[in-house]
Amino acid sequence: MRIVITDALAVNPGDLSWDFLNAYGTVTVYENTTAEQAFARLKNAQIALINKTPITEALLDACPELKLICVLATGYNVVDCNACAKRGIPVCNVPAYGTDAVAQFTFSLLLELCNRVGHHDRLVHGGEWSKQPIFCFWDTPQMELAGKTMGIIGFGRIGRAVGTIAKAFGMKVLAYNRSQCPEGAAIGTYVDLDTLLSQSDIVSLHCPLSSQNEGMICSQTLSKMKEGAILLNTARGGLVREADVKNALETGKLRGFAADVVSAEPIAADNPLLTAPNCILTPHMAWAPIESRKRILKSVTESIEGFLKGEPVHTVNG
C-alpha cells in the first residue's frame with residue numbers, strides 16, 4: 001500500500017519512529033501539509049494518515065485511489081465522513097489515547113490557578129523571598145480544593161477521569177452530559193446545566209465541539225456561575241466566547257480561567273484572552289506525553305491491520 005502521512009510533526013516531533021509502517025507498504029512522510037498541498041501529496045495515496053489536514057469531497061474526487069483515512073487524534077471534524085462513506089472509505093480515529101494525560105493536565109491548570117506555583121518560583125529566584133522579614137510570604141490568594149464543588153461538562157472518558165481525581169482531592173462532583181451511565185453515577189451527580197453552573201466552584205469543559213454547543217460559555221451562561229468561580233477548558237476553544245470570558249475575568253465574576261485550547265490555533269495575536277487578567281493559556285499540549293502518542297501509533301497499527309483483513313476497527317463513519 002502507498003501510505004502518506006500529511007502532518008507528522010503534530011504527533012511526532014522526532015522522538016518516535018514511523019518505521020512500523022514499512023511493514024504495510026511504501027511510506028511518505030510530510031511534517032506539515034496545507035489544504036492546497038494535500039491534493040498533490042495524496043493524489044496517489046491509498047492510505048492517508050492525517051491530523052489536521054482537511055479531507056473534503058473535492059479532495060476525494062482528486063484522489064480516487066484513497067482507500068483508508070486514519071486520523072491521528074480522537075476528533076475527526078476535519079474529515080467529510082459522509083463523502084468518505086459514499087466512496088466506501090473507512091475513516092478511523094484514535095479513541096481514548098489521551099484520557100489520563102488530559103485529566104492530569106486539567107489539574108495542572110487548576111492547581112496553577114489555586115496556588116500560582118510558577119509565579120512564586122519566579123519570585124524566589126528573583127530574590128523576593130530573601131527580602132522578607134519573616135520565614136514565608138505569598139503574593140496571590142491561595143485556594144484549597146477540599147470541600148469545593150467541581151462541575152464537569154461532558155462526562156465521557158476524560159470527564160470521568162477528571163471527576164475521579166477531583167474526588168481524591170475531597171471535592172464534590174457534578175456532571176452534565178447528554179447521556180448517563182452507571183460508571184458516571186458512581187463518580188458524580190448528574191444535574192442539568194443551570195444547576196451545574198450555579199453550584200460549582202470550578203467548571204471544567206470536556207465535551208466535543210458541535211454546532212449545538214459552539215459558544216456555550218458566553219455572557220449568559222457565565223452570569224449563572226458563582227461569583228469568583230474558576231473555569232477550565234481542555235476540550236475545544238470554540239466552546240467559549242473568549243471576549244465574554246475576558247470580561248468576566250476583568251469584573252471578577254471569574255476568579256480565573258485556564259485553557260489549553262483557543263478558538264483559532266495557533267493563537268491569534270489579537271485573541272482577547274492574551275490580555276485578560278488571571279488567565280493561563282497553554283498551547284494545546286495536554287494530550288502530548290510520549291505515552292499518549294505511543295498509543296496513537298498503536299491504534300493506527302490496529303486500524304491498518306483491521307482494514308487489510310477486511311475488518312476495519314475504530315471507524316467513525318459506519
(message) Would you confirm whether or not region 158-181 contains a residue that is under 23 Å from VAL245 (Cβ atoms) and charged (D, E, K, R)?
(response) no
(message) surrounded by 12 or more Cβ atoms within 10 Å (Cβ to Cβ), among the small types (Gly, Ala, Ser) and at pLDDT 95 or above: is that true of GLY118 in this structure?
(response) no
(message) Among the numbered criteria (1) over 29 Å from GLY147 (Cα atoms); (2) small (Gly, Ala, Ser); (3) assigned to a loop (DSSP other than H, G, I, E, B), which one does GLY238 miss?
(response) (3)
(request) Select from region 161-210 the residues that are touching a residue at least 40 places away in the same chain (Cβ under 8 Å) and part of a strand (DSSP E or B) and list them in ascending order. (result) ILE202, VAL203, SER204, LEU205
(request) Report the residue count in region 191-230 for those that are over 25 Å from ARG157 (Cβ atoms), open to solvent by less than 40 Å² (accessible area, probe 1.4 Å) and small (Gly, Ala, Ser). (result) 1
(request) Only one of these is of a type outside the set (Ser, Thr, Tyr) and either on the phi > 0 side of the Ramachandran plot or surrounded by fewer than 16 Cβ atoms within 10 Å (Cβ to Cβ) (or both): ALA276, ALA269. Name it. (result) ALA269
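The values are calculated or read from the model by the stated rules, or taken from the named source; none is laboratory data. Since the structure is predicted, the reported quantities are computational estimates derived from the model, not experimental observations. So basically every Cβ, Gly included, is an ideal-geometry build from the backbone, and we count neighbours across all protein chains shown. Only protein heavy atoms, including side chains, enter the accessible area calculation; ligands, DNA and RNA are left aside. Shrake-Rupley method; radii C 1.70, N 1.55, O 1.52, S 1.80 Å.
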